[in-house]
Amino acid sequence: MSAHVSGRVVMKSYLSGMPECKFGMNDKIVIDKQGKGGADEAAGKSGGGGGKQSVAIDDCTFHQCVRLSKFDAERSISFIPPDGECELMRYRSTKDIILPFRVIPLVREVGRT
């Protein structure tokens, strides 16, 4: 059985001026700790990372307003939002997904008459 997650981040912006907005993935702690305690500790494998796991994203595409250099360096999404609604990000993940339920087929073969 396989599973994948496909998602997108859609935002509506009605801010005045040109504010810089920023948000991070939920593994920001992992990235920050890599320089201090090593990747294994930060990923929770040696118990020092508090059980935090990194997010495995297979592919993602960003709106043109996103600063890609910030994402590559800090794993944070930094941008100056355009007015109105836009799709900020589209992503897909196929690794380490916990399924909410499992479908087990039950087939009963009935003899032909």
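The values are calculated or read from the model by the stated rules, or taken from the named source; none is laboratory data. Here the structure is a predicted model, which is why all the values come from computation and not from measurement. All Cβ positions, glycine included, derive from the backbone under ideal geometry; neighbour counts span all protein chains shown.
Please enumerate the residues belonging to region 55-66 that are modelled with pLDDT under 90, closer than 16 Å to L88 by Cα and of a type outside the set (D, E).
Matches in region 55-66: I57, C60.
Return yes or no: is S69 closer than 29 Å to Y14 by Cβ, in a strand (DSSP E or B) and either out of contact with any Ser or Thr (no Cβ under 9 Å at 6 or more places or on another chain) or modelled with pLDDT of 85 or more (or both)?
Taking the combined requirement at face value, the residue does not satisfy it.
So V10 clears everything in (1) aliphatic (A, V, I, L, M); (2) in a helix (DSSP H, G or I); (3) at pLDDT 70 or above except one condition, right? Which one?
V10 satisfies every listed condition except (2).
Any residue in region 42-54 that is surrounded by 10 or more Cβ atoms within 10 Å (Cβ to Cβ), under 15 Å from the mean Cα position of the chain (by Cα), modelled with pLDDT under 65 and not in a loop (DSSP other than H, G, I, E, B)?
No, because not a single residue in region 42-54 is surrounded by 10 or more Cβ atoms within 10 Å (Cβ to Cβ), under 15 Å from the mean Cα position of the chain (by Cα), modelled with pLDDT under 65 and not in a loop (DSSP other than H, G, I, E, B).
Kindly indicate the residue of region 72-82 that is out of contact with any Leu (no Cβ under 8 Å at 6 or more places or on another chain) and closer than 19 Å to S13 by Cβ and also modelled with the lowest pLDDT among those meeting that condition. Walk me through how you get there before you give the answer.
Looking only at region 72-82, we keep the residues that are out of contact with any Leu (no Cβ under 8 Å at 6 or more places or on another chain), and these are 72-76, 78, 80, 82.
Narrowing the set further to residues that are closer than 19 Å to S13 by Cβ leaves 76, 78, 80, 82.
Numbers: S76: 83, S78: 91, I80: 91, P82: 91.
Top of the filtered list is S76.
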